[in-house]
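**Q** The structure's right below; bear with me while I get my questions together.
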Amino acid sequence: MSEGAAKRLADIKSEIARVEKDYMRKTGPVTLIAVSKTFDAPEIRPVLEAGQRVFGENKVQEARGKWPELKADYPGVELHLIGPLQSNKSKEAVETFDVIHSVDREKIARTLKVEMDKQGKNPKLFIQVNTGEEPQKAGIMPKDADAFIALCRDELGLSIEGLMCIPPVDEAPGMHFALLEKIARRNGLSQLSMGMSADFPIAVQHGATHVRVGSAIFGERDYS
Ligand SMILES: *Cc1c(COP(=O)(O)O)cnc(C)c1O
């Protein structure tokens, strides 16, 4: 299984490179985020051994449990928080992560700002947009995105790197990626976190700068 993960990682990298080339992208190389949520250190180590250093987790607590030890063994790890953030976890999120993809409301933006100032730490921030306007899903609504980006930048003084989305499972993802790209462009944001195991090639076609790939590298997740 461990060699399997390294092999799958290599396959995904060449698939990304192929799509980048086919579409003659001008946005520069795509960052592959290996999403290791629900997997433990023994399953993550082979992927680190294969040279991967950028990882995504969707829970603050889970990341704090397994990553300190792995980070000590493999220098240069960059950790991305890709799951929804509660404001009472802002302190730990700023301590733990290099990049946060799920800024989606004023309260979170404010508590992150306070913690970043307090800790003197500046994780890169992405704003999550709920492109499918799904009630159960995190993210700012598309119609509120411009105002929220402005609030984060102008009022709170946060530097925003880009936008993130998770398209509805039952819809073609392309129009969601295109919408995210459009909102980013009109707001002068260059980074796009979009695309998962099932649709990362389509996301790369649409200009993704970061793809978040879990099961295609680590295998199916077991939530039990
Ligand atoms: C779990 C998760 C992923 C990875 O999903 P896969 O389908 O396993 O690639 C990507 N993004 C977010 C926000 C996730 O929670």
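The values are calculated or read from the model by the stated rules, or taken from the named source; none is laboratory data. Please read these numbers as outputs of a predicted model, since none were measured by experiment. Cβ atoms come from the backbone with ideal geometry, glycine included; neighbour counts cover every protein chain shown. Surface accessibility is based on the protein's heavy atoms, side chains included, excluding ligands, DNA and RNA. Shrake-Rupley method; radii C 1.70, N 1.55, O 1.52, S 1.80 Å.
**Q** Checking TYR223 against (1) buried (at least 19 other Cβ atoms within 10 Å of the Cβ); (2) within 14 Å of the ligand (Cβ to nearest atom); (3) in contact (Cβ under 8 Å) with a residue 60 or more places away in the chain, which test does it fail?
**A** It is condition (1) that TYR223 fails.
**Q** For the structure I just gave you, tell me whether PRO142 is open to solvent by less than 30 Å² (accessible area, probe 1.4 Å), touching a Ser or Thr at 6+ places or on another chain (Cβ under 7 Å) and closer than 15 Å to ILE82 by Cβ.
**A** Criteria not met by PRO142.
**Q** Just name the residue that is farthest from the ligand (Cβ to nearest atom) out of those in the stretch 193-208 that are open to solvent by less than 10 Å² (accessible area, probe 1.4 Å) and over 9 Å from the mean Cα position of the chain (by Cα).
**A** VAL204
**Q** Kindly establish whether VAL213 is among the β-branched types (Val, Ile, Thr) and either within 19 Å of the chain's Cα centre (by Cα) or surrounded by 18 or more Cβ atoms within 10 Å (Cβ to Cβ) (or both).
**A** Criteria met by VAL213.
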